Amino acid sequence: MIPRRSFLRTAVSTGALAALGDFGFLAQLPSVSAAEAVADTHLVRFHPEIEPLVRLLEDTPRERLLEEVATRIQRGLPYRQLLAALFLAGVRDVQPRPVGFKFHAVLVINSAHLASLASPESDRWLPLFWAIDNFKVSQAAQQKEGNWRLAAVDESAVVPGHRAPAAFAEAMDHWDEAAADAAIVGLVRSNTSADELFEILCRYGVRDFREIGHKSIYVSNSLRCLEVIGWQHAEPVLRSLAYALLDHVDTKQNPSQADLPADRPFRENLTLVKGIREGWTEGKPSSEASADLLQTLRAGSAAEASGQVVKMLNDGVAPQSIFDGLFSGAGELLMQAPSTISLHATTFTNAVHYAWHRAQDEELRRLLLLQNAAFLPLFRGEHKDTGLHIDALEPLAPKASGDEAVAEIFANLHHDRLGGARKILAWLQDNPDAAPFAAAARRLIFLKGNNAHDFKFSSAVLEDYEQLSPPWRDRLLAASAFNLRGADDKDNDLVKRTRSALGA
């Protein structure tokens, strides 16, 4: 990463990133070590102070909350405990329907946590402060819409543990909300492991294209968050998740009794997965095959994209090369038509990629690949290929070099996305370590980000960069220029409000 003083000196010397400023006021809060921010498998079950902390977040007015939280941090409130309280407050107070919009207060928490982990110890509270403030905005929107809250469990309906797996599958397959709620509680209270729960929920996360991929994003992000805050909090989280997965706001019909476009790829792919050869995970990398898949994603249908993935696997192509093509296709959608919808092609693929690596069930892993491929043409919709192709992007060398080149890239990013993408590509070709770029990108999100997508997208794409094959990874990061924040974007008021909350 760029040394902190060096980066700030660069910012001042170029004038381009002067707005980055110094976060020295955060020194009034204790630093968050890497060990403190990751999962503790020996965490005691449900600390008694969690409920009062959740209530503090729920009941304190937005204009006073950062100050109240800062005071508790200065008195020793641990990072993971605050993360847990925030996640539970969002689950309890914000309806997961639609799975997006105001519910981003919950969806973004894992992304904010990832941003914290990747930041210097001194900066790690800032993403959490942003997420706390964002929760209050969503809570207010929820109260205006009807003050929904997650209801207490109907204990009389809870399915016994030995019957819960079958009962949950039946309820989800029939889109039965009450039965699913009773069954998921039984599952959580049974001996079902976290890995088993994850695989069960993963399948339903990719079942339909409603909510533009948010269902799968909620599955992966909620399970990742639970691994940090502790599985003792799983019951309310997974109840909210099951309720979200059953949303079919687009139709009054029960999807199990209809043939609707959002459900069609899943039903077709349930048959296709059976035609994939044994030993399919042992293929060979092929950049040419990745490029062929990318070409199909530009104009092909959902069925054609899934069919090509089956052919690739049967031809001995490694799954890694399939993901190289999928991520590149998602990045190209963003380049050609920057929008909230197109950026979700990347965050959805990030969620599926995480799930694919986490899952052990062979059929589920094959299904995840096919559904990811099928959904990207659905993200594309009626958009026509503009000719701006991620694999044909030409590098444009920055005038500066080293740290100054990173500052130059971000200086005019808001007003010249394509130029910024070309400079990123050129810089990465000369600088194999992307850490300085990532550090600057995150710092600008802290300073300029004004919605949950800033955190969701940046955390996803910076994580995905590390997972792709060269040279595809460089091109994906270059495409991120079409949604990252630049030094020429307007500042948010988070840093100012946090400084004020600390009395600095």
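Only one of these is outside any loop (DSSP other than H, G, I, E, B), in contact (Cβ under 8 Å) with a residue 24 or more places away in the chain and either open to solvent by less than 50 Å² (accessible area, probe 1.4 Å) or of a type outside the set (Lys, Arg) (or both): Ala397, Ala407. Name it.
Numbers: Ala397 fails: outside any loop (DSSP other than H, G, I, E, B).
It is Ala407.
Can you pull out every residue in the range 445-470 that is open to solvent by 20 Å² or more (accessible area, probe 1.4 Å) and in contact (Cβ under 8 Å) with a residue 40 or more places away in the chain? Asn450, Asn451, His453, Glu463, Gln467, Ser469, listed by residue number. When we screen Leu126, Leu88, Leu107 for residues that are within 19 Å of the chain's Cα centre (by Cα) and modelled with pLDDT under 95, the only hit is Leu126. When Gly381 is tested against (1) in contact with an Asp or Glu (Cβ under 8 Å, 6 or more places away or on another chain); (2) over 25 Å from Trp130 (Cα atoms), only condition (1) is not met.
Within the range 342-382, can you find the residues that are within 24 Å of the chain's Cα centre (by Cα), outside any helix (DSSP H, G or I) and of a type outside the set (A, V, I, L, M, F, W, C)? Scanning the range 342-382 gives Gln360, Asp361, Gly381. Taken together, the criteria exclude Ser122 from residues that are among the hydroxyl-bearing types (Ser, Thr, Tyr), open to solvent by less than 10 Å² (accessible area, probe 1.4 Å), touching a helix residue (DSSP H, G or I) at 6+ places or on another chain (Cβ under 8 Å) and not in a loop (DSSP other than H, G, I, E, B).
Within the range 302-323, can you find the residues that are in a helix (DSSP H, G or I), in contact with a Pro (Cβ under 7 Å, 6 or more places away or on another chain) and under 16 Å from Ala291 (Cβ atoms)?
Answer for the range 302-323, where residues must be in a helix (DSSP H, G or I), in contact with a Pro (Cβ under 7 Å, 6 or more places away or on another chain) and under 16 Å from Ala291 (Cβ atoms): Ala305, Gln320, Ser321.
With the structure loaded, tell me whether Gly420 is open to solvent by less than 10 Å² (accessible area, probe 1.4 Å) and closer than 30 Å to Cys202 by Cβ or whether it fails that test. When the stated conditions are applied, Gly420 does not pass them.
Would you confirm whether or not the range 407-414 contains a residue that is within 22 Å of Ser328 (Cβ to Cβ), aromatic (Phe, Trp, Tyr) and at pLDDT 95 or above? No, there is no match, as no residue in the range 407-414 is within 22 Å of Ser328 (Cβ to Cβ), aromatic (Phe, Trp, Tyr) and at pLDDT 95 or above. Look at the range 167-181: where a residue is part of a loop (DSSP other than H, G, I, E, B) and a partner is open to solvent by 20 Å² or more (accessible area, probe 1.4 Å), sitting 6+ places away or on another chain with Cβ atoms under 7 Å, you get His174/Ser256; Trp175/His248; Trp175/Asn254; Trp175/Ser256. Checked against (1) more than 26 Å from Val249 (Cβ to Cβ); (2) at pLDDT 95 or above; (3) not charged (D, E, K, R), Ala131 passes all but a single condition, namely (1). Does Ala439 fit the bill of being part of a helix (DSSP H, G or I), on the phi < 0 side of the Ramachandran plot and surrounded by fewer than 24 Cβ atoms within 10 Å (Cβ to Cβ)? The answer is yes for Ala439.
Listed here are the residues, each with its yes/no results for (1) acidic (Asp, Glu); (2) in contact with a helix residue (DSSP H, G or I) (Cβ under 8 Å, 6 or more places away or on another chain).
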position	(1), (2)
Leu343	no, yes
His357	no, no
Asp361	yes, yes
Glu394	yes, yes
Ala439	no, yes
Phe446	no, yes
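Here Val137 meets the list (1) of a type outside the set (Phe, Trp, Tyr); (2) modelled with pLDDT of 95 or more; (3) surrounded by fewer than 24 Cβ atoms within 10 Å (Cβ to Cβ); (4) touching a His at 6+ places or on another chain (Cβ under 8 Å) almost entirely, failing just condition (4). Across the range 148-192, the qualifying residues are those that are at pLDDT below 95 and small (Gly, Ala, Ser), and the one among them that is least open to solvent (accessible area, probe 1.4 Å) is Ala151. Residue pairs whose Cβ atoms lie under 9 Å apart, sitting 6 or more positions apart in sequence or on different chains, and linking a residue in the range 133-146 that is at positive phi to a partner that is open to solvent by 30 Å² or more (accessible area, probe 1.4 Å) and not β-branched (Val, Ile, Thr), are Gly146/Gln95. Please find, within the range 324-341, the residue that is nearest to the chain's Cα centre (by Cα) out of those that are assigned to a helix (DSSP H, G or I) and hydroxyl-bearing (Ser, Thr, Tyr). Here the residue is Thr340. Would it be correct to say that Leu20 is within 25 Å of the chain's Cα centre (by Cα) and at pLDDT 95 or above? No.
With the structure loaded, tell me whether Leu428 is assigned to a helix (DSSP H, G or I) and either of a type outside the set (Asp, Glu) or open to solvent by less than 10 Å² (accessible area, probe 1.4 Å) (or both) or whether it fails that test. Please lay out each step first, then the result.
On the way: assigned to a helix (DSSP H, G or I): yes; either of a type outside the set (Asp, Glu) or open to solvent by less than 10 Å² (accessible area, probe 1.4 Å) (or both): yes.
Answer is yes for this residue.
Evaluating Gly486 against the criteria (1) within 22 Å of Ala392 (Cα to Cα); (2) open to solvent by less than 10 Å² (accessible area, probe 1.4 Å); (3) not in a helix (DSSP H, G or I) leaves one unmet condition, (1).
Residue by residue, here is whether (1) in a helix (DSSP H, G or I); (2) without any contact (Cβ under 8 Å) to a residue 40 or more places away in the chain holds:
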site: Glu227; (1), (2): yes, no
site: Gln232; (1), (2): yes, no
site: Ala244; (1), (2): yes, no
site: Thr251; (1), (2): no, yes
site: Ser256; (1), (2): yes, no
site: Ala262; (1), (2): no, no
site: Pro265; (1), (2): yes, no
site: Thr271; (1), (2): yes, yes
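For the range 273-300, name all the residues that are in a helix (DSSP H, G or I) and of a type in the set (Lys, Arg). Listed by number, the residues that qualify are Lys274, Arg298.
The residues of the range 373-394 that are among the small types (Gly, Ala, Ser) and surrounded by 15 or more Cβ atoms within 10 Å (Cβ to Cβ), listed by number, are Ala373, Ala374. Which residues, counting only those in the range 283-311, are over 23 Å from Arg210 (Cβ atoms), open to solvent by 10 Å² or more (accessible area, probe 1.4 Å) and in contact with a Gly (Cβ under 8 Å, 6 or more places away or on another chain)? Across the range 283-311, the qualifying residues are Gly283, Lys284, Ala289, Ala291, Asp292, Arg298, Gln308, Val310. Filtering the range 294-350 to residues that are without any contact (Cβ under 8 Å) to a residue 60 or more places away in the chain and among the basic types (Lys, Arg) leaves only Lys311.
The values are calculated or read from the model by the stated rules, or taken from the named source; none is laboratory data. Computed from a predicted structure; not experimentally measured. Ideal geometry is used to build each Cβ from the backbone, glycine not excepted, and the neighbour counts take in all protein chains shown. Heads up: the accessible areas ignore ligands, DNA and RNA and are worked out on the full protein's heavy atoms, side chains in. Shrake-Rupley method; radii C 1.70, N 1.55, O 1.52, S 1.80 Å.
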